Structures are given as C-alpha cells and as structure tokens.
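Accompanying notes for the structure given below.
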Amino acid sequence: MELPPSYFAFPFILQSTVWRILMRPFFNLFAHFEVRGLENLTGLTRPVIFAPNHSNEIDSILIPLALPVWSRFSPLFYVVREQKFYDDPFFGWRGRFYAGWIFKILGAFPIVSGVKDYAVSLAAHVKILKEGGSVCIFPEGAFTKTGEIGTGHGGVGYLASATHIPIIPVYISGTFKFSLSELLLGKCHIQVTFLPAIEMGNDLRATLTADEYKRIATMVLDAIRTVRTKSNLIPV
C-alpha cells in the first residue's frame, strides 16, 4: 500500500508540537491529567504498538499528550474505521471530522473493512510499523458502553505477529462518561498508565490463526484489568 510522502511530517508537527505543547497545560489544569509508567518505555526503541482500553472518543488523543515532548515514539498513527462507519447518526457532526482531512493529518489511517483478512485490512499499519512509525490500536475494537473493559479483537495480535514489534498495554482511566462541561468545571481526573511491554519474540510465527490473534489481545486486556484491579487508580 502506498502512503503519501507527507504522512509522517504532518502528524509529527501536530502531535509533538502544536497539540502537545498547547493542550497538555489545558488538560493538566482542567482534567487533573496524570501520567504513570513512563519508566516502562525506557530502553525501548521505536516503533511500538500502543494498545489502550477504550472508554471515550477522546482516548486516542491522550496518548500523544502523555508522551514527552518530541518523544522518540512520535508521531503516533491510529487504526480507525473507514469513512462510512462515521456516517452513523451517533457521531453527528463529529463524523465529518473523524473521516475528514484533519483526522488524517493527525495520523489516522483506516482499515479495509469487510475483507476478513488482517493482511489486507491492516496493510497500511504494518507498513507504518516497518517504516518506524508507532501505532495505536484499541484491542476492544470499540469503546465500552458499560465502563467495563471488553473482549479483545485480533487486530493487535496480527500487528504484533506480522512485525515482531512490542505491545505497550495502556490503561486510561477517568474518561468514561467524560463531558466537556465536567472538564471545564474541573471535575475530571484522567490518568494514563503505560504498562510493561509485551515482547513479541522473533520466533513468533508471522501467520497465526484468528483465535491466536485474539489470545494476544486478551493477554493485553488482562494486563490492563490487573492494573485496574490491584492499583488505586480511579475507574475507567
């Protein structure tokens, strides 16, 4: 799959400079934004696969905010759905933003849906990882409607097995039922926690079964559940 020559430059400028420098102080002030586990990124070289739980539409923008300025893992590229998915009335006017050019220059690359073949569906993201770009993918495939961490889909397992790149589970808390009004009232408390890497060794087969891909996703989500249960972190 051919990627535009500017696919790396625009996300880097927007995420690492404009978004990170302008928005981090805002979130620090109004959302009591807290980052934990950055030590788990020490010693890792780019790229990595960030795999967060998913509670709200804002979750994706929190990972660049949590990383240091001009992090070696920047820019971050996202696994998103195709444009027709965002035509759903649920998204309203936001659907045009999610499928629009701003979304794309922020680093969003859509899957190819309906093919039932990870190699086709995630071809762009494999290429990005092999060219040194880090990718963010939500193992649950959609955000939770109950506040509980859901079941895993195989996409994260496929990316890891196809590239042998480590997965960083990420626990995001405080975004379930997030609203702009609560944010402006200072009632939010958002935490982003980077967990230890799950290494995909070179002996891992590049091609696994669908169930094996899902088992990797389950491993990631189980790590997030464990941190959520055993720590004093606030709920999703």
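The values are calculated or read from the model by the stated rules, or taken from the named source; none is laboratory data. Treat the numbers as computed from the prediction; the structure is a model and nothing was measured. Using ideal geometry, Cβ is built from the backbone for each residue, glycine included, and neighbour counts are taken over all protein chains shown. These accessible areas exclude ligands, DNA and RNA; they are computed on the full protein's heavy atoms, side chains included. Shrake-Rupley method; radii C 1.70, N 1.55, O 1.52, S 1.80 Å.
Laid out as a table, the results:
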item: Residues (assigned to a helix (DSSP H, G or I), farther than 13 Å from PRO196 by Cα and among the acidic types (Asp, Glu)) located in segment 13-62; result: ASP59
item: Listing of helices (runs of 4 or more DSSP H) fully contained in segment 63-154 that carry 2 or more residues being modelled with pLDDT of 85 or more and of a type in the set (Ser, Thr, Tyr); result: 118-121
item: Residue check, PRO196 at pLDDT 95 or above and either open to solvent by 40 Å² or more (accessible area, probe 1.4 Å) or touching an Asp or Glu at 6+ places or on another chain (Cβ under 7 Å) (or both); result: yes
item: Single residue of ALA162, ALA223 found to be at pLDDT 95 or above and small (Gly, Ala, Ser); result: ALA223
item: Residues of segment 199-214 satisfying the condition of being at pLDDT 90 or above and either in contact with a strand residue (DSSP E or B) (Cβ under 9 Å, 6 or more places away or on another chain) or surrounded by 15 or more Cβ atoms within 10 Å (Cβ to Cβ) (or both); result: GLU212, TYR213, LYS214
item: Unmet requirement for THR45, which otherwise passes all of (1) open to solvent by 50 Å² or more (accessible area, probe 1.4 Å); (2) in contact (Cβ under 8 Å) with a residue 60 or more places away in the chain; (3) farther than 18 Å from TYR78 by Cβ; result: (2)
item: Pair list, Cβ < 8 Å and 6+ apart or interchain, from segment 138-161 residues that are closer than 18 Å to TYR118 by Cα to residues that are open to solvent by less than 10 Å² (accessible area, probe 1.4 Å) and charged (D, E, K, R); result: PHE138/ASP59
item: Any hit, segment 158-165, residues being within 24 Å of LEU38 (Cα to Cα) and outside any helix (DSSP H, G or I); result: yes
item: Qualifying residue in segment 201-220 (condition: closer than 26 Å to LEU38 by Cα and in a loop (DSSP other than H, G, I, E, B)); result: yes
